[in-house]
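Report on one structure; see the data block that follows.
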Amino acid sequence: MTQATAPAAPHPHSRNALIFAAVLALVSWASAYPVVRMALPMIAPIPLAAARYAVAATIALVWIGWARPKLPRKQDIPRFVACGGIGITLYNILFNVGEQTVSAGAASFLISFSPLLSALVAVVFLGEKLSPWGWVGSLVSFCGVVLIARSQPGGLTFGSGAVDVLGAALATAFYNTLQKKLVAYYGALATTAYILIVGAALLTPWLADATRSLRVSGPKTWLLVLELGVCPAILGYGAWAYIVGQLGVARSSGLLYLLSPTTLVLAFLLTGEVPTPRILLGGAVILAGVAVMATRGRSKARQV
């Protein structure tokens, strides 16, 4: 009988690389919230999304030409189109429209509701069962959503910014469910690259409007669009793929609880935004409910 051995401690260089990747992913993703708010006065919401993902798709195409990943199989093309349409095009339309009235900090907390929405999507479409704790987590998080939404213009009424951002969170939930099989076969980086290209292609009807806005705007707008196309879309996903590869999905997912606090810090540094006590309380309630769901609320689901 062989004796089990404890896992080796991470090499110092590996640990430093993980820390750097975690900081890069969190800061890159968190930057999207205040930077979108900064860009919206100078370029309309949907053209902003079109310009941002034109940049990201160009970089993705260069990476595909260099890395030569597996090409999409014919049977996977509809899933790639669905992921790009829901996770990139629809998400960014709803998110950008919502952030016209919703603060960056509030938006980040509302988007953090998406893991719970993913669980509810699994209940409806995958036949997954929630434990009583899962429903408790759902109710707790929804109370946090109500607290934040009521602090934003329009509250939770149809067409309000908060409802648009919640729609973006729901789009993320469907996207996360749909992309799992693609990631398992193609890997995280290749899957993300193909989805970015699909999303950018679906946004091309608004690219002409984006080009006109960029022509009459100053260098600041160009820099903001470039940041959105490079940092959240490329660097963030690339760093996250490395983290998941080193730690696995379960261990790495805990880092996402740091995304909203990171957003609050960046929003303050970049725009001077200070969250209200109601936003902070609502955000804490949402994250508490999501934590209950993640740790005690779900059972295994069938893949789609």
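Laboratory data are not the source of any read-out in this text; all were calculated from the coordinates shown. Bear in mind the structure is a predicted one, so any value in this text is a computation, not a measurement. Glycine also receives a Cβ, built like all others from the backbone with ideal geometry; neighbour counts cover every protein chain displayed.
Summary of computed values
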read-out	value
Top of P45, P34, P153 by mean-square fluctuation, Gaussian network on the chain, Cα under 10 Å	P153
Karplus 3J(HN,Hα) series, Hz, for the stretch 172-178 with 6.51 cos²θ - 1.76 cosθ + 1.60 (x for Gly, Pro)	4, 4, 5, 4, 4, 6, 5
Per-bin percent of Cα-Cα distances, the stretch 78-195 [5 Å]	2, 12, 19, 20, 18, 15, 10, 3, 0
The stretch 1-130: radius of gyration over Cα atoms, expressed as a fraction of 2.2 N^0.38 Å	1.42
Relative contact order (%) - criterion: Cα under 8 Å, at least six apart; region: the chain	41
Two-site label geometry, S131 and A284: point separation in nm, points 7 Å out along Cα→Cβ	2.5
Rounded, prolate or oblate (a/c below 1.5 giving rounded, otherwise prolate when a/b exceeds b/c) for the stretch 158-304 by Cα gyration tensor	oblate
Where labels lie 7 Å past Cα in the beta-carbon direction, separation of R150 and V124 in nm	2.5
Local net charge near Q100, Cβ-Cβ under 12 Å (Lys/Arg +1, Asp/Glu -1)	-1
Computed lengthening from R68 to Y185, 0.36 nm per intervening residue step minus Cα-Cα distance	40.6 nm
The chain - Debye-derived log10 I(q)/I(0), Cα point model, q = 0.11, 0.12, 0.13 Å⁻¹	-0.68, -0.81, -0.96
15 Å beta-carbon shell around V81, net charge (K/R +1, D/E -1)	+3
GNM result for the chain, Cα springs below 10 Å: residue of P69, P115, P47 fluctuating most strongly	P69
